[in-house]
Amino acid sequence: MELVYRFRDSAAANVKPATLQSACVRALSSWAAVSNFRFRAPANSREINNIIIGFHRLSHRDFHPFDDPLGILGHGFAPQDGQAHLDADENCRLGHSSDTNAVMFSGIGGGQRKWTPTADDINGIRALYS
Ligand SMILES: [Zn+2]
C-alpha cells in the first residue's frame with residue numbers, strides 16, 4: 001500500500017524543517033522496509049495526503065492541546081485522519097510500546113537515538129497492517 005505524506009506546521013519549533021523532514025523520511029523508510037507500506041511525498045499540491053506531519057503549539061484546533069515543554073510530546077490520529085502532531089515546545093521525541101528498546105516506546109532517554117525498528121516494532125506494524 002502506498003501512502004502519501006506531507007509536512008504542515010502551525011508553529012515553528014526548535015528543529016529546522018529540513019531536519020524534521022529528513023528524520024521522518026528516514027523513519028518512514030525504516031517502516032517501509034519491514035511492512036507492506038511504501039511512502040512518498042505528494043506529486044503536486046492537489047494530491048490527497050494520507051499522512052500529515054507537523055509541529056503545533058498549545059491549543060491547535062483538534063481538542064487535544066499541547067502543554068508547555070515536557071508532558072505531552074506528540075499525538076497522532078488513525079486513518080482516515082492520518083495526522084501526526086508534534087509539540088513545537090519539545091525537543092522531538094515519540095513513543096508507544098512496552099519494550100523500552102523499541103522505537104515506539106512511550107519515552108526515550110536524553111541524548112538517546114532510535115533509528116531502526118526493533119523486533120517489537122516490526123511485530124507491531126505487521127500485526128496491525130499485514
Ligand atoms: Zn494535535
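The values are calculated or read from the model by the stated rules, or taken from the named source; none is laboratory data. Bear in mind the structure is a predicted one, so any value in this text is a computation, not a measurement. Reconstructed Cβ throughout: ideal geometry from the backbone, glycine too, with neighbour counts over all protein chains shown.
Quick notes on this structure:
- For the range 47-60, the set of residues classified as more than 14 Å from Phe7 (Cα to Cα) and more than 8 Å from the ligand (Cβ to nearest atom) consists of Arg57, Leu58, Ser59, listed by residue number.
- Among the residues of the range 113-126, those identified as farther than 21 Å from His75 by Cβ and without any contact (Cβ under 8 Å) to a residue 60 or more places away in the chain are Arg113, Thr118, Ala119, Asn123.
Table: residues versus (1) loosely packed, with under 15 Cβ neighbours inside 10 Å; (2) within 16 Å of the chain's Cα centre (by Cα); (3) closer than 25 Å to Gly111 by Cα.
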{"position": "Met1", "(1), (2), (3)": "yes, no, no"}
{"position": "Ile48", "(1), (2), (3)": "yes, no, no"}
{"position": "Ile53", "(1), (2), (3)": "no, yes, yes"}
{"position": "Pro79", "(1), (2), (3)": "yes, yes, no"}
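- Tally of residues being more than 15 Å from Ala23 (Cβ to Cβ) and more than 11 Å from the ligand (Cβ to nearest atom) across the range 61-87: 9
- Applying the criterion of being within 13 Å of the chain's Cα centre (by Cα) and within 18 Å of Gly82 (Cα to Cα) to the residues of the range 10-22, the residue that is modelled with the highest pLDDT is Gln21.
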